[in-house]
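Heads up: the structure comes next, in structure tokens.
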Amino acid sequence: MRVLKGKVRGDRVVWIVHLEKDMFNDFSLVEIETEAGVLRVRHGGAGQPVLLLHGHPRTHMTWGRVADQLADRFSVICPDLPGFGQSYVPVDAPDSRNSSKRAKAIALIEMMESLGHQQFDVVGHDRGSLTAFRMAMDHPDVVRRLITVDGLPVLEHLERADWKFARDWWYWFFFAQPEKPERAILADPNAWYGGTPEHMGDEAYADFRAATWNPAVVHGMVEDYRAGLGIDRHHDAEDRAAGRRVQCPTLCLWSEFDDLEDLYGDVLDVWKPWTTVLTGHSIRSGHHMAEEAPDELAAALAHFLERTGYMNGTP
């Protein structure tokens with residue numbers, strides 16, 4: 001493996017990684033300009049479009065083994081989320097509004113329109129599930145079906161938080177503090193984030209490492225959490241007060257060996273007030289499902305997308 005460091009777009013540092021390709025076969029890697037900034041996106045396959053959104057602290061490369069299995073039936077689009085990987089880092093605002101899931105959803109829809117997709121299905125894992133959920137809530141004319149993986153509306157997390165949440169998910173509240181989280185992470189990103197090439201694949205691991213050593217990206221990822229505890233929570237509360245729900249069919253997946261069930265009990269019960277048509281189940285995996293159980297996850301996604309009608313009833 002060989003890694004070269006360079007500078008692009010002002011003072012922002014990016015890492016260019018050269019190594020043998022082990023995933024995303026026959027996919028194109030492009031940069032797409034949106035009003036908010038440039039998004040790095042990999043896309044390939046043929047068929048109805050499916051947008052895959054990764055979580056913290058990964059990049060789009062986490063989806064490689066899943067994307068390869070879906071590409072023979074779907075057009076698969078995998079961007080780095082705003083603030084992550086090599087996509088743009090949102091401009092700071094006092095209330096973190098530019099890192100809100102609403103703002104990120106708008107940029108991603110603009111990206112999809114640039115690729116020729118006016119309507120599409122969206123899958124979100126972890127922090128990506130928050131953006132996917134917000135996209136489905138705000139843009140029911142765009143999102144045909146929603147799939148969340150190890151995710152809940154942020155308001156549900158916060159209102160259900162107890163001592164177990166504080167013990168195991170303490171970093172949510174640490175990341176809300178100014179400056180200190182970035183300083184702690186950047187003191188030793190490898191120790192903070194862990195990860196191995198054996199689990200992730202060499203190329204995905206190198207991409208992940210490059211991102212987590214980039215101060216601008218670390219700041220962007222932490223801002224995603226600051227927005228979650230502030231403006232994103234308000235957006236969820238406004239929707240609930242107005243009685244708004246996700247209008248499209250929704251699939252909720254969660255990792256059997258992660259702690260979503262331990263914290264909240266029946267995950268589907270938590271999602272029911274936010275959806276209109278809901279199904280879901282667990283998958284035998286740890287949290288990073290696309291890396292740990294890609295075959296099972298790809299099969300679950302394909303089964304749902306091939307057998308569930310669109311929001312307007314059209315197959």
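Odds and ends about this structure:
- Qualifying position, being at pLDDT 95 or above, open to solvent by 10 Å² or more (accessible area, probe 1.4 Å), aliphatic (A, V, I, L, M) and under 12 Å from the mean Cα position of the chain (by Cα), among Leu158, Leu130: Leu130
- Flag for Asp121 being at pLDDT 95 or above and either open to solvent by 40 Å² or more (accessible area, probe 1.4 Å) or closer than 18 Å to His288 by Cβ (or both): no
- Residue check for Gly243: open to solvent by 10 Å² or more (accessible area, probe 1.4 Å) and at pLDDT 95 or above: yes
- Going through (1) within 26 Å of His139 (Cβ to Cβ); (2) touching a helix residue (DSSP H, G or I) at 6+ places or on another chain (Cβ under 8 Å); (3) aromatic (Phe, Trp, Tyr); (4) part of a helix (DSSP H, G or I) one by one, Trp254 falls short only on (4).
- Within the range 170-204, being charged (D, E, K, R) and part of a helix (DSSP H, G or I) holds for Lys180, Glu182, Arg183, Glu198, Asp202, Glu203.
- Residue check, Thr276 more than 19 Å from Gly55 (Cα to Cα) and either open to solvent by 10 Å² or more (accessible area, probe 1.4 Å) or at pLDDT 95 or above (or both): yes
- Long-range neighbours under 6 Å by Cβ, at least six apart or interchain, first residue touching a residue at least 12 places away in the same chain (Cβ under 8 Å) within the range 216-232, second β-branched (Val, Ile, Thr): Ala216/Val89; Val218/Ile185; Gly220/Val89; Gly228/Val154; Asp232/Val154
- Among the residues of the range 246-272, those identified as farther than 25 Å from Trp63 by Cβ and open to solvent by 70 Å² or more (accessible area, probe 1.4 Å) are Gln247, Asp262, Asp266, Asp269, Lys272.
- Failed item, numbered, when Asp232 is tested on (1) out of contact with any Ser or Thr (no Cβ under 8 Å at 6 or more places or on another chain); (2) of a type in the set (D, E, K, R); (3) under 22 Å from Trp172 (Cβ atoms): (1)
Yes/no per residue for (1) aliphatic (A, V, I, L, M); (2) over 14 Å from Leu152 (Cα atoms); (3) part of a helix (DSSP H, G or I):
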position	(1), (2), (3)
Val222	yes, yes, yes
Leu229	yes, no, yes
Arg233	no, no, yes
Asp239	no, yes, yes
Glu261	no, no, yes
Pro273	no, no, yes
Ser285	no, yes, no
Glu291	no, yes, yes
Leu305	yes, yes, yes
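- Members of the range 99-118 found to be open to solvent by less than 60 Å² (accessible area, probe 1.4 Å), in contact (Cβ under 8 Å) with a residue 40 or more places away in the chain and either out of contact with any helix residue (DSSP H, G or I) (no Cβ under 6 Å at 6 or more places or on another chain) or assigned to a loop (DSSP other than H, G, I, E, B) (or both), listed by number: Ser100, Ala103, Ala107, Leu108, Glu110, Met111, Met112, Leu115, His117
- Single residue of Arg144, Arg209, Arg167, Arg134 found to be outside any helix (DSSP H, G or I) and charged (D, E, K, R): Arg144
- Of the residues making up the range 27-56, those that are open to solvent by 10 Å² or more (accessible area, probe 1.4 Å) and under 20 Å from Ala293 (Cα atoms) number 1.
- Residues located in the range 71-98, provided they are surrounded by fewer than 24 Cβ atoms within 10 Å (Cβ to Cβ), touching a helix residue (DSSP H, G or I) at 6+ places or on another chain (Cβ under 6 Å) and over 13 Å from Gly37 (Cβ atoms): Asp95, Ser96, Arg97
- Identity of the residue in the range 57-70, surrounded by fewer than 24 Cβ atoms within 10 Å (Cβ to Cβ) and in contact with a Pro (Cβ under 8 Å, 6 or more places away or on another chain), that ends up farthest from Gln118 (Cα to Cα): Arg65
- Extreme residue, most open to solvent (accessible area, probe 1.4 Å), among residues of the range 169-204 that are more than 22 Å from Arg233 (Cβ to Cβ), of a type in the set (Asp, Glu) and without any contact (Cβ under 8 Å) to a residue 40 or more places away in the chain: Glu198
The values are calculated or read from the model by the stated rules, or taken from the named source; none is laboratory data. Keep in mind that this is a model prediction, so the values were computed, not measured. FYI the Cβ positions are ideal-geometry reconstructions off the backbone, even for glycines, and counts take in every protein chain you see. Note: areas computed on protein heavy atoms with side chains; ligands, DNA, RNA excluded. Shrake-Rupley method; radii C 1.70, N 1.55, O 1.52, S 1.80 Å.
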